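We did not get these values from a lab; they are worked out from the coordinates using the rules stated. Not measured: the values here are computed from a predicted model. Ideal geometry is used to build each Cβ from the backbone, glycine not excepted, and the neighbour counts take in all protein chains shown.
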Amino acid sequence: MVAAVAGALCVVTTPRDRFWAFGLYLALLAGVWVFARIPPGWLAKRALIELPFVVLALVFPFVAGGPTVYVLGLTLSEHGLLSGWNILVKGTLGVLISLTLAATTMPGELIVGLQRLRVPKMVVTIATLMLRYLDVIAAEARRMRIARICRGHDPRFLWQVGATARGIGTLFIRSYERGERVHLAMVSRGWNGSMPDQGRPAGRTAWLVGLMPTALAAVVLGMAL
């Protein structure tokens, strides 16, 4: 987690016109993917979440002002090209860093990591309950949808949006009530406001290996500044 955050800071801090630096960042990430045996298809499929930012980056050269250049017969703004490139490359690398962290770290380990990094207890508790009950709430939403369809509800019709809205409200109330019951059960079992940590601290070797790509990224940043 520390390596991912530090690596993202290196990417964001790099001047946008240091094109070679971003290529080196991508090469470092590719090395991590090979070492961790992360399938490229897994990354490519989940990186599609970035599409809205890609569209924004492609629009910038056409709407920004300032000096213009001609590319393939199109009049494009120089400032817009650099701004679009800045959004595209830094956003893409940031998403890939996040996906690399998700692919190499279990959700439970992320929670433990947040706790050991002294993140506020309330934030850790909320994240833990969200991970634990997200699938439960999604499954209940699917059951409610099936029940509405069995009773003649057709979500394709605009005039039935009211039934969908009432279903969302009912799901919210049920989730809130479940949260109260879960909290009561946790307090009854001796919960003192912090999640239990039964793991072992990372050793010196783990820190050195984990921070090695970030250290190289910091070297690239120093060369780019």
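Brief remarks on what is shown
- Global form of the range 108-186, assessed from the alpha-carbon gyration tensor, a/c cut-off 1.5: prolate
- For the range 13-86, the alpha-carbon radius of gyration amounts to 1.39 times the rule-of-thumb value 2.2 N^0.38 Å expected for a compact globular protein.
- Relative contact order (percent, whole number), the chain, Cα cutoff 8 Å, 6+ residue spacing: 32
- FRET efficiency estimate (nearest 0.05) - Cβ-Cβ, residue 218 to residue 182, R0 30 angstrom: 0.10
- A convex hull fitted around the alpha carbon atoms of the range 42-179 yields 213 Å³ per residue.
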